[in-house]
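Written below as structure tokens is the structure these notes are about.
The values are calculated or read from the model by the stated rules, or taken from the named source; none is laboratory data. Every value quoted in this text rests on a predicted model; they were computed, and no experiment measured them. Quick reminder, even Gly has a Cβ in these numbers, built from the backbone with ideal geometry, and neighbours come from all protein chains shown. Just so you know, the surface numbers come from the protein's heavy atoms only, side chains and all, with ligands and any DNA or RNA stripped out. Shrake-Rupley method; radii C 1.70, N 1.55, O 1.52, S 1.80 Å.
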Amino acid sequence: AAGAAQRKHKQDVKIAELSKNLEDAQSELQNKITERDKLFHALRKSDRENRAVINSVSDVIFETDETGRVMFLNETWKRITHREVSDTLGQSLFSMIEQADQQKQRDMFEELVRGERQAYRIETRLNLGQNTFKPVEVAFSMLRMTDDKSIRVVGTITDIEKRRRAELAVREAEQRFRAIFENSISGIYQSSPDGRFINVNSAVAEVFGYE
């Protein structure tokens, strides 16, 4: 009877140890699940914040594969082109620029992918359809490798329509000033602080008897 009681005691102790080990394993598993969930939520929050930043910038951020096929666009694309991002993904970036620039830009792009050219930027026009074009600056900034070893080209598209309009306005203002300056019957001149003439119109020259 004493032997049976001893064997039962050992069995109870072993069961208790197994139970404790099982509880510890369950507790460790729960901790890992909790840590995984925390990491998942942190990554998801980080991803949301990164996307918010990417979508808030004024430039289009794009990513293409090694052939120029668009794989990613931020939301700025829709703001400057009024075209849905989802409708544009999968299209060739070069098919969307002015036809006269397409082949040259394909060649330069292929040189970049082959490592024969550094990052570069060009000015061209986006073809928005219905004979509508938007002047832009396209910058091909970097190459990156995906997990499956595919090449991606990352870059930006900047809307330069306002800059072009400003440049045109400056040129027009300069032309108007030049016309007034050259044709005025009043003498107009610019001089240095010590009184030396820098620029004079014909009326000033005539006053002093010069050509």
field: Total residues in the stretch 161-191, condition modelled with pLDDT of 80 or more and either of a type in the set (Phe, Trp, Tyr) or in contact with a strand residue (DSSP E or B) (Cβ under 6 Å, 6 or more places away or on another chain) (or both)
entry: 3
- line: The condition from (1) farther than 22 Å from Glu63 by Cα; (2) among the polar types (S, T, N, Q); (3) surrounded by 10 or more Cβ atoms within 10 Å (Cβ to Cβ) that Thr158 misses is numbered (1)
- request: Just name the residue that is farthest from Lys149 (Cα to Cα) out of those in the stretch 65-109 that are open to solvent by 70 Å² or more (accessible area, probe 1.4 Å) and part of a loop (DSSP other than H, G, I, E, B).
  value: His82
field: Members of the stretch 64-89 found to be among the hydrophobic types (A, V, I, L, M, F, W, C) and farther than 17 Å from Leu112 by Cβ, listed by number
entry: Phe72, Leu73, Trp77, Ile80, Val85, Leu89
- line: Residue hits (the stretch 93-133; touching a helix residue (DSSP H, G or I) at 6+ places or on another chain (Cβ under 9 Å) and farther than 25 Å from Thr81 by Cα) are Glu116, Arg117, Gln118
task: Please work out if Ala179 is surrounded by 10 or more Cβ atoms within 10 Å (Cβ to Cβ), in contact with an Asp or Glu (Cβ under 9 Å, 6 or more places away or on another chain), in a helix (DSSP H, G or I) and not acidic (Asp, Glu).
output: no
